[in-house]
């Protein structure tokens, strides 16, 4: 494919840096834009000399300067306040991301960007009315993070309908893999792996019967690039997952087994308030529009992720 000029906001984060790496591998000219509030320059080290890193906040005029100096074919908007604990502790900061979405769309419109890909979230479904969750089904966004993502999707739709700016929203389910944060502000796979590798019991809230769809980072990234490449995705919101639910208990036990930590078992804590019990998607739309299917099993993805953590602990 012809080389593209690509902007990735939030490009130094876990998912963003992995996207930047794959885009660079495919020969695209990449600008990584990140405030480094949660992203890390170290995530870019393996390919740092093959892209342009610009530090700035997507919710401010920092973003304007990037568009003044360069033109882009594709824009991936991944900049956001992330992590369950962080988004609950700083709800008003999460809502500021709406301004960044509006700013990015207006700049993309004015500079004739060919396509904008927005990183939305499975959180827009809230407490699901149906399982698996279908893109055209019931949405129940309530927490600030979910509301921000849903509003982002609506802005994407509005700019397509009003100005003809080509946009796609991707609803990410539980992405995991190398570079993911494993602090209390991180995500369950990274937290479990760090606990187990430190010889600690992985802590489960409730009885572990909650289900999630765990997607290896490489599968997520390939789906996002497929969305940029195909006209079929324009104006769509698309679930990005495997379509295969896994219980939290099974996840913990699999990580213990693959880590070789015999004698460990999960530690059960009281359930968290407002915990969503079941969340996994229908991926028919992803298969049909993007011609993409997840290639990695949970076990193969976890093996690679555990090895990455071992090498860095």
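Rule-based calculations on the coordinates, nothing more; no lab input. Just so we're clear, the structure is a prediction, and the values are computed from it rather than from any experiment. Cβ: placed from backbone, ideal geometry, glycine included. Neighbour counts: every protein chain shown.
In this simple spin-label approximation, residue 163 and residue 287 carry label points 7 Å from Cα along the Cα→Cβ vector, and these lie 3.6 nm apart.
Separation of the range 249-297 and the range 156-173, taken as the distance between their Cα centroids, equals 29 angstrom.
Extension gain, residue 25 to residue 205, is 60.8 nm, computed as 0.36 nm per intervening residue step minus the present C-alpha separation.
In this label model, residue 45 and residue 312 are separated by 0.9 nm, measuring between points 7 Å along each Cα→Cβ vector.
For the chain, averaging the sequence separation of C-alpha pairs within contact (under 8 Å, six or more residues apart) and dividing by the residue count gives a relative contact order of 16 percent.
Note on residue 110 and residue 229: the extension gain reaches 40.7 nm, defined as 0.36 nm multiplied by sequence separation minus the Cα-Cα distance.
Using only Cα atoms and rounding to the nearest 10 degrees, what angle (0 to 90) does helix 97-110 make with the longest principal axis of the chain? The angle comes out at about 30 degrees. Over 16 Å, how big is the tail of the calculated P(r) for the range 194-303, in percent of all Cα pairs? Roughly 65 percent, rounded to a whole number.
Length gained on full extension, residue 129 to residue 37: 29.6 nm, using 0.36 nm per residue less the C-alpha separation. Once the Cα atoms of helix 188-197 and of the chain are each reduced to a long axis, what angle between those two axes, in degrees from 0 to 90 to the nearest 10, is obtained? Tilt relative to the chain: about 50 degrees. Per-residue ellipticity at 222 nm computed for the chain from its helices equals -12000 deg cm²/dmol, with DSSP H segments shorter than 4 residues left out and the rest contributing -39,500 (n - 2.57). Take the alpha-carbon centre of the range 87-150, take the same for the range 55-78, and report the distance between them in whole Å. Cα centres, the range 87-150 to the range 55-78: 18 Å. Contact order for the range 60-202, expressed relative to its length and based on alpha carbon pairs under 8 Å spaced 6+ residues apart, stands at 25 percent. For the range 1-133, the relative contact order is 25 percent, taking Cα pairs closer than 8 Å that sit 6 or more residues apart in sequence and dividing their mean separation by the residue count. With both labels modelled 7 Å from their Cα along Cα-to-Cβ, the residue 250 to residue 89 distance reads 3.2 nm.
Here the range 1-29 is scanned for amide nitrogen atoms under 17 Å from the site 7 Å beyond the Cα of residue 70 along Cα-to-Cβ, giving 3-13, 16-29. What shape does the range 60-163 have by the C-alpha gyration tensor, where a ≥ b ≥ c are the square roots of the eigenvalues, rounded means a/c under 1.5, and otherwise prolate means a/b greater than b/c and oblate the rest? Here the range 60-163 falls in the oblate category.
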